[in-house]
Amino acid sequence: MRVPLGALIVALLAGCTAGSAQETPLELDTITVRFVPGGLVNVIVVTTIDRLPLRSAMLVAPDGVRLPAYSLDVVASPIIAETPADALALATPGAVRRVTTVATMVSTALIELPDPARYAKSWPDWQVQLRLGDPDAGERSLMLDAPPSPKL
């Protein structure tokens with residue numbers, strides 16, 4: 001029995017896309033405060049995934065001195081990446097293009113340590129203060145433990 005090559009390819013592609021169109025949504029209310037492995041040892045990276053944008057991030061020293069983030073970036077309604085099977089379908093002429101957005105804010109703040117040696121000695125006593133949202137549209141403040149000091 002001979003099957004035309006085009007029919008075989010269509011059948012294989014259909015089999016690959018069936019059931020694999022599951023999208024991986026962003027997990028709301030995710031906050032990470034860390035040093036990036038292999039990154040700068042004097043920069044704390046704060047990442048939030050929330051319905052509210054991150055508006056400020058500060059490192060709070062044991063003596064109460066507050067060090068604000070030197071960089072804060074907010075991306076509204078990020079696009080969820082398509083699965084590889086969806087990418088194949090999109091490459092097919094005439095395929096319907098689907099773009100899914102999520103009402104979520106992905107925020108990243110960078111906080112530079114003024115004295116990495118001092119921080120390394122007393123990091124359990126430091127905290128990170130975050131403010132998400134705006135006064136008129138809902139606002140939330142959080143105080144989190146500072147991340148462990150990277151090995152210097």
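No lab work stands behind these numbers, since they all come straight from the coordinates. Keep in mind that this is a model prediction, so the values were computed, not measured. Ideal geometry is used to build each Cβ from the backbone, glycine not excepted, and the neighbour counts take in all protein chains shown.
Observations, loosely collected:
- Alpha carbon centroid spacing (whole Å) that separates the stretch 51-71 from the stretch 117-148: 6
- Spin-label model, Arg51/Asp73: points 7 Å from Cα along the beta carbon direction are separated by 2.6 nm.
- Distance between the pseudo-spin-label points of Arg66 and Ala103 (7 Å out from Cα toward the beta carbon): 3.0 nm.
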